[in-house]
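A.B. asks: Take a look at the following structure, please.
Taken together, the values in this text are just the output of simple stated rules run on the coordinates, not laboratory data. Not measured: the values here are computed from a predicted model. Ideal geometry is used to build each Cβ from the backbone, glycine not excepted, and the neighbour counts take in all protein chains shown.
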Amino acid sequence: MTTTSSAHPPVVDLATWQAARDDLLVREKAHTREGDAIAAARRRLPMVEFDGKAEVVGPDGPVAFLDLFQGRDELVVYKHMWHDGAPHQGQCEGCTTVAWHLQDAAYLNARGVSLAILTTGRWDEVAAYVEFMGYTQPWYSVRDVDGPAGGDMGYVTCYLREGDRVFLTYSTTGRGNEAVAGSFALLDMTLYGRGEAWEDKPDGWPAGNHACWYWRTDADGNSHWGPTSRPVPQWTRPGVTAELTLGRHGGH
């Protein structure tokens, strides 16, 4: 979105700005402390044991869910939605955005946490998509896998391993997934925010568009869910061009 509106806050001197900024900082610190308290409660949630020998499929064929830990004690996964038979541009724009923010797990690994992306797609389709996108983190198909190892997609989920025992410790979805996609937090710091209609804005601010309008664009960067669009991260792939069809039913 290019903002052409002249709407902006009043222009003041630096001292006046700093005073207003300090007032907001009090609220931000309270928000941070509440976030810390929620994280503490999250660490005290009960957990659910399940069969770590449940098979998932990766580049080397079927493997036990235990293998996803890569020898570490903890595992974070993103459960990526999948549309069977769809071309790359027909896959979920929201999940594509989240996965694009998961390109490097070095800091997680340093804390003894592994990262993987799970999806219900057939492995041959998933493998082609992963290669096209250039994803660097491990992907696995959990097609027909029930319970905590599989289940509903569109979630960030955390697990603990104790020897050969595996436990589900936490799961979130919807806006809970924004913890992964740091671009949202950065947009929230900017003057015009995400450019979405639901945001609370001062009078005269750009009205905004439907939620997540910038997740899918055409080759020229115009936001829409039309037949020649695709999820935004996909346009960064070499040689990507517009497509004639999204390749799946049910709109976007």
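A.B. asks: What do you reckon, is A197 under 23 Å from R42 (Cβ atoms), among the small types (G, A, S) and either surrounded by 16 or more Cβ atoms within 10 Å (Cβ to Cβ) or free of Cβ contacts under 8 Å to residues at least 60 places away in the same chain (or both)?
C.D. replies: No.
A.B. asks: Still on this structure: Which condition breaks for W100 when tested against (1) without any contact (Cβ under 8 Å) to a residue 40 or more places away in the chain; (2) under 16 Å from V180 (Cβ atoms)?
C.D. replies: (1)
Each row is one residue, and each column tells you yes or no for (1) on the phi > 0 side of the Ramachandran plot; (2) in a loop (DSSP other than H, G, I, E, B); (3) without any contact (Cβ under 8 Å) to a residue 40 or more places away in the chain.
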site	(1), (2), (3)
R33	no, no, yes
P46	no, yes, yes
V56	no, no, no
V77	no, no, no
G85	yes, yes, no
C95	no, no, no
D104	no, yes, yes
N109	no, no, yes
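A.B. asks: Looking for whichever is assigned to a loop (DSSP other than H, G, I, E, B) and within 27 Å of L115 (Cβ to Cβ) here; the options are A185, A211, A219. Which one fits?
C.D. replies: Values: A185 fails: assigned to a loop (DSSP other than H, G, I, E, B); A219 fails: within 27 Å of L115 (Cβ to Cβ).
Residue meeting the stated conditions: A211.
A.B. asks: Can I ask one more? Name the residue that is nearest to V11 (Cα to Cα), counting only residues in segment 21-32 that are of a type in the set (K, R) and surrounded by 10 or more Cβ atoms within 10 Å (Cβ to Cβ).
C.D. replies: R21
A.B. asks: If you take the residues in segment 220-247 that are free of Cβ contacts under 8 Å to residues at least 24 places away in the same chain, among the hydrophobic types (A, V, I, L, M, F, W, C) and out of contact with any helix residue (DSSP H, G or I) (no Cβ under 7 Å at 6 or more places or on another chain), which one is surrounded by the most Cβ atoms within 10 Å (Cβ to Cβ)?
C.D. replies: W235
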